[in-house]
1. Based on this model, can you work out whether ARG89 counts as in a strand (DSSP E or B) and more than 15 Å from the chain's Cα centre (by Cα)?
2. Looking at the range 143-166, can you tell me whether even one residue there is exposed (fewer than 13 other Cβ atoms within 10 Å of the Cβ) and β-branched (Val, Ile, Thr)?
3. Among the residues of the range 109-129, which ones are buried (at least 17 other Cβ atoms within 10 Å of the Cβ) and more than 23 Å from LEU256 (Cα to Cα)?
4. Go through (1) crowded, with 24+ Cβ neighbours inside 10 Å; (2) farther than 19 Å from ILE243 by Cβ one by one and return the number of the condition ALA2 breaks.
5. Give the range 53-104 a look and list any residue that's surrounded by 13 or more Cβ atoms within 10 Å (Cβ to Cβ), polar (S, T, N, Q) and on the phi < 0 side of the Ramachandran plot, or say none.
6. Filter the range 113-170 down to the residues that are polar (S, T, N, Q) and under 23 Å from PHE82 (Cβ atoms) and list them by number.
7. Can you confirm whether ALA129 is part of a helix (DSSP H, G or I), out of contact with any Asp or Glu (no Cβ under 6 Å at 6 or more places or on another chain) and of a type in the set (Gly, Ala, Ser)?
8. Of the residues in the range 132-146, how many are more than 15 Å from VAL96 (Cβ to Cβ) and either in contact (Cβ under 8 Å) with a residue 60 or more places away in the chain or assigned to a strand (DSSP E or B) (or both)?
Amino acid sequence: MAKIFCVANQKGGVGKTTTAVNLAAGLAKLNQRVLLVDLDPQGNATMGAGINKAALQSSIYEVMLGMADVATARARSETGQFDVLPANRELAGAEVEMVELDNRERRLKDALAAVDAEYDFMLIDCPPALSMLTLNGLCAAHGVIIPMQCEYYALEGLSDLVNTIKKVHAKLNPDLKIIGLLRVMFDPRMTLSQQVSLQLEQHFGDKVFRSIIPRNVRLAEAPSYGMPGINFDPVSKGAQAYISFGAEMIERIKTL
């Protein structure tokens with residue numbers, strides 16, 4: 001049975017997609033069978049995994065509306081060695097079209113159940129908003145990975161996200177829990193970064209991952225080559241940090 005995790009944060013530009021793509025590649029390097037689900041209409045995770053979103057025969061849009069299944073719509077990331085349920089701009093229309101469907105918040109969960117036995121991990125890259133798409137991700141997942149920058153505004157958004165997760169846990173998905181907070185784009189030279197990091201550790205304790213992802217230009221360059229950062233430049237600090245994070249995830253799953 002696959003472990004299903006959302007990579008979510010209502011704040012944009014905090015490294016959700018970078019985390020989802022590199023964690024998928026990191027887990028694949030550790031011999032895990034991985035499906036990356038791109039739930040963002042921008043399709044950045046799809047492109048970052050080396051798949052041309054403009055040339056898709058079918059995508060998660062058709063899956064969510066029941067016009068295709070995951071086995072038909074998925075594609076292989078040759079650069080990352082994992083499977084991708086890809087997305088493109090069509091997915092933006094699914095929000096409106098799903099309003100009248102039965103069990104609209106569980107469409108993704110039902111679709112993923114058909115391929116559950118084929119994977120060890122399913123990672124869902126959520127859009128930066130609390131939308132029907134994000135709600136589908138939270139309803140399908142066993143847990144949430146929250147990437148966040150160590151800055152003041154990130155703390156503001158974190159409390160909103162934690163409240164959202166509590167509501168979904170109470171009303172729609174009793175299995176849902178916060179797996180951990182991942183500090184990303186970390187710059188140890190900034191006093192504020194260190195202060196916020198310390199606050200997170202004091203408030204959330206062992207919910208904060210030991211792995212810290214540094215601000216790293218090689219990670220930022222990798223998507224333009226259609227590759228996860230850990231394969232684009234395996235010896236870079238960012239790549240090494242994500243490989244460590246993948247190993248930490250596997251360890252943390254054992255204790256859940």
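The numbers here are math on the coordinates, done by the rules we state, and not lab data. These numbers were taken from a predicted model, which means no experiment stands behind them. Glycine gets a Cβ as well: all are built from the backbone with ideal geometry, and neighbour counts include every protein chain shown.
1. Spelling it out, it is not the case that ARG89 is in a strand (DSSP E or B) and more than 15 Å from the chain's Cα centre (by Cα).
2. no
3. Result: ALA111, PRO127, PRO128.
4. (1)
5. Selection gives SER58, SER59, SER77, THR79, ASN88.
6. Residues of the range 113-170 polar (S, T, N, Q): 131, 134, 136, 149, 159, 163-164.
THR134, ASN136, listed by residue number.
7. Details: part of a helix (DSSP H, G or I): no; out of contact with any Asp or Glu (no Cβ under 6 Å at 6 or more places or on another chain): yes; of a type in the set (Gly, Ala, Ser): yes.
The answer is no for ALA129.
8. Kept after step one, since they are more than 15 Å from VAL96 (Cβ to Cβ), are these residues of the range 132-146: 134, 137-146.
Subset that is either in contact (Cβ under 8 Å) with a residue 60 or more places away in the chain or assigned to a strand (DSSP E or B) (or both): 134, 137-138, 140-146.
Residues meeting the conditions: 10.
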